[in-house]
1. Out of the total accessible area of the chain (probe 1.4 Å, heavy atoms of protein only), what percent is carbon and sulfur?
2. Compute the helix-to-body angle for 2-22: its Cα long axis versus the longest principal axis of the chain, expressed 0 to 90° and rounded to tens.
3. Rounded to the nearest 500, what is the chain's calculated 222 nm mean residue ellipticity when only DSSP H runs of at least 4 contribute -39500 (n - 2.57) each, over all residues?
4. Kindly report the accessible area of the chain per residue (heavy atoms of protein chains, probe 1.4 Å, no ligands, DNA or RNA), in Å².
5. Please give the helix 172-191 orientation as an angle from the longest Cα principal axis of the chain, in degrees from 0 to 90, rounded to the nearest 10.
6. Can you give the longest stretch of the chain with no exposed loop site, where a site means chymotrypsin sites (Phe, Trp or Tyr not before Pro) in a DSSP loop (not H, G, I, E or B) with at most 13 other C-beta atoms within 10 Å?
7. Which of the following values of P(r) over Cα pairs in 5 Å bins from 0, in percent was calculated from the structure shown: (i) 1, 8, 15, 19, 20, 16, 10, 6, 3, 1, 0, 0; (ii) 1, 7, 14, 16, 15, 14, 13, 10, 6, 3, 1, 0; (iii) 1, 7, 13, 14, 11, 8, 6, 6, 5, 5, 5, 4, 4, 4, 3, 2, 1, 0, 0?
8. Which order do you get for D145, D44, D186, D76 if you rank them by accessible area with a 1.4 Å probe, largest at the top?
Amino acid sequence: MIPRLSRLYLRMALYIGAAIAGFVLLGVVPMAMIRGLFGERIRDYGVGLGNPVRTVRTFLIILPFVLAGAWASRHDPAIAAIYPLNPAAGDSAWHFAGHAAAYLAYYFGWEFHFRGLYQHGLAPHMGLACAVLVQTLASGLAHFDKPPAELLASVAGGVLLGVLAVRTRSILSGLLLHATLGIAIDLFQIAGGR
């Protein structure tokens, strides 16, 4: 029993370490470069509330669809085979809360990297439509090793979250939607007995 618990908590530590690495490498390092090397404002890359009314409104309008997609994915064996990434997430409410916090940190880095750095950085040089498509392509390729349903959803989600970042002038609604999706998928997998 002890070796199994040791492996379980080692995997949990690796998961949390990977989430923190994603936060730092995809979010903090590029933000430091934008501010320190380029002297630009981070909020020009979507960090902040943007248009708070649109941010909240779009989150609340799209949230039911995100939750429905997460609920529907609970029957996909390919999704069930890999989620939750943190095997200890279902051990207790505290483990799940830590798991969710790690997801939120990771998704901040992810959303900043693709919808902030790529999209906002490329838009002045190639136009908004092309910038949305380029970041969608890049974020979609990062899902290439995921289950087919997730890969396809990442393309539609990349376009949607890219458009939201433009319309709200913020990555916040996309961050909250993406994190809610990941957390809900894991919660439904755990509740379903995985």
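The values are calculated or read from the model by the stated rules, or taken from the named source; none is laboratory data. This one's a predicted model, so the numbers in the text were calculated from it and none came from an experiment. Quick reminder, even Gly has a Cβ in these numbers, built from the backbone with ideal geometry, and neighbours come from all protein chains shown. Remember, those area values only see protein heavy atoms, side chains included, never the ligands or the DNA or RNA. Shrake-Rupley method; radii C 1.70, N 1.55, O 1.52, S 1.80 Å.
1. On the way: 7680 of 10380 Å².
Accessible surface attributable to carbon and sulfur in the chain totals 74 percent.
2. 0
3. Values: 9 runs with 138 residues, N = 194.
Calculated mean residue ellipticity at 222 nm is -23500 deg cm²/dmol.
4. Details: 10380 Å² over 194 residues.
On a per-residue basis, 54 Å².
5. Once rounded, the angle reads 10 degrees.
6. Numbers: sites that count: F38, F144.
Maximal segment without exposed cleavage sites: 39-143.
7. This structure yields the entry labelled (i).
8. Details: D145 125, D44 70, D186 0, D76 40 Å².
Greatest to least solvent exposure: D145, D44, D76, D186.
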